[in-house]
């Protein structure tokens, strides 16, 4: 595979001219079925995960079922030594794969010293470290199927992110040590959040001077200059380690007493133990507080802020709650070093949990664009482009990642009670996607919305005796009032379906988990309808779209807004509008393979691009996100096309 074919910095115009083909035609060619692969992770690699059990300076092999036994350390470190590290190895010996002899470990002595110190402190028995727990002696041919060891390594690399996700002890080793008492004291204040106040609008606390904040920024920049923050594979390990990922930061021996006095850094000799999520959150808040100040910062500080956010920015603090995380993930992966640039496809698929991946070997041989391949993989896995008429800015000068940052749909609307809105947004994906010359082909249900229900007139709520189920008493009352209104208006099918849902919910066991994704999603939408009724908002009823304009009964109801445009407040039947929905549970894979999938849900208000003759596939352009309850009643999904953004269509040789 060509290592110098990294085109992440080329503009869409350059990619178009360099390949002699329009961007659209390149996307379609890259996305053809023969270039696709199912992103299946080999379960036996995890259920028979080879770990190491330390015995002094000897590391013995022992396999565990990591799906059930999660008390192991998953170590994240860089193979290349830092300037602060002793590069020597050989003090530790690892049991050979055939268990007949002991061999010197290729892992640096200082790395094993540190992780074994953590294991002793945390009383963890098993260690997983890639260099010794994945067979490395392959023939060098990436797609080799002749040698069992080559297949094993490929299976291991594809499932490696699960090792970090499942571990109760994902641990990262940072090499740059803290050396002075002021540094240690400053880091403590950063991690406790003492330097910053505010919720989404951050500012320096009253006791924090600008010089002190600038010193803290300098320290953060020093810590994030560590090469661990700047490698793509360690980015994946940190991302998949999630809220359990721990950073070990070395410190000078003279700081041992002060460290123990501070109490927040643990008790491992020579190490500061910090949760990665805490470090990233507080570092991000300080950077945003400094950036928001009216006082102009020196250029060096502006660069430091950008560098810290690029290395350790916390998405929850940086991104708006209506945003998609994917464009930022792509930018962060591209900003980090990789020996093989095409590995970005695997890292992106792992971080975003894409079940469809692309054959990088085949694409490289076909001389396709790597950056456009990243975009294709996003689209094939259901990421939504903003193809509205409102987005007509020139995009030819943008790189692919810049285009996605500007043109991926960024107006998601999570349910009111959802505390993890970015996670909700992550599941907002299309299903069964194909890329065509006309646009993005997918399947779902298209609803024609008509009648308006004004819930501000719901002045009294019905009495309910002995309420039960997942819904609260007031939620149940509001939805029952809606049932009564629908029945009064003779929309009996929709009224009956909501009433059936209320009866089913009343019989549900609130102590048990949801039995299915559909049950969970329907409950969340019911709660959202109840919230809209509480706020006196308007609702709109939807019937299945029929290409022949035949009348259909209402089987869906969506939350509207009293301020929505193009709506007469006094009109019960405003001009029709359309909503496209798609909900699909994740593919759980098989006994041998994990599918790397997530639950998907889409609920988009759309416009029909042109009048249809009844035989064509509807062409839809996105408008906004709409939440509501839909009852499909076995209706088959309809094929629709989301046309390419017009600005993208214009990029031709």
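Rounded to two decimals, the Cα radius of gyration of the stretch 408-559 over 2.2 N^0.38 Å is 1.16. Residue-normalised convex hull volume from the C-alpha trace of the stretch 43-166: 118 Å³ per residue.
How much length would be gained if the chain were fully extended between residue 390 and residue 38, taking 0.36 nm per residue of separation minus their Cα-Cα distance, in nm to one decimal?
This chain segment gains 123.2 nm when fully extended.
Note that the stretch 187-345 carries a Kirkwood radius of 16.7 Å, evaluated over its alpha carbons pair by pair. Arranged from fewest to most other beta-carbon atoms within 10 Å of their beta carbon, 57, 41 become 57, 41.
Give me the percent of Cα-Cα pairs in the stretch 287-404 that sit more than 26 Å apart, rounded to a whole number. The proportion of pairs with Cα distances above 26 Å equals 32 percent.
Backbone N atoms of the stretch 401-425 closer than 12 Å to the 7 Å Cα→Cβ label point of residue 624 belong to residues 411-413. With a Förster radius of 60 Å applied to the C-beta separation of residue 488 and residue 306, the computed FRET efficiency comes to 0.50.
Taking the Kirkwood radius as Rh and the Cα radius of gyration as Rg, the stretch 491-589 has a ratio of Rg/Rh equal to 1.00.
A Förster distance of 51 Å, applied to the separation of the beta-carbon atoms of residue 496 and residue 135, puts the FRET efficiency at 0.25.
The separation of the stretch 487-551 from the stretch 348-408, counted between C-alpha centres, amounts to 35 Å. Normalising the average separation of contacting C-alpha pairs (under 8 angstrom, six or more residues apart) by the number of residues puts the relative contact order of the chain at 16 percent. The label-point distance for residue 197 and residue 225, in a model that sets each label 7 Å from Cα toward Cβ, rounds to 3.3 nm.
Listed by Cβ neighbour count within 10 Å, with the fewest neighbours leading, 243, 237, 361 appear as 243, 361, 237. Taking label positions 7 Å along the Cα-Cβ direction at both residue 366 and residue 550, the computed distance is 4.1 nm, reported to one decimal. A full extension of the chain between residue 406 and residue 14 corresponds to an added length of 139.3 nm, given 0.36 nm per residue minus the alpha carbon distance.
Between residue 509 and residue 590, the simple spin-label model (points 7 angstrom out along Cα→Cβ) gives 3.2 nm. The helix-only estimate of mean residue ellipticity at 222 nm for the chain, built from DSSP H runs of length n ≥ 4 each weighted as -39500 (n - 2.57), is -11000 deg cm²/dmol after division by the residue total. Over the C-alpha atoms of the stretch 1-95, the Rg to Rh ratio, Rh being the Kirkwood estimate, stands at 1.19. Here the Kirkwood formula puts the hydrodynamic radius of the chain at 27.6 Å, using every distinct Cα pair. Look at 69, 83 and count the other Cβ atoms within 10 Å of each Cβ; fewest to most, that gives 83, 69.
Full extension of the chain segment joining residue 322 with residue 93 gains 77.4 nm, where the gain is 0.36 nm per residue of separation less the Cα-Cα distance.
Just round it to a whole percent: the fraction of Cα-Cα distances in the stretch 439-649 exceeding 32 Å. Roughly 22 percent, once rounded to a whole number.
FYI, it's all coordinate maths here, none of it is from the lab. Fair warning: this is a prediction, and the values are worked out from it, not measured in the lab. So basically every Cβ, Gly included, is an ideal-geometry build from the backbone, and we count neighbours across all protein chains shown.
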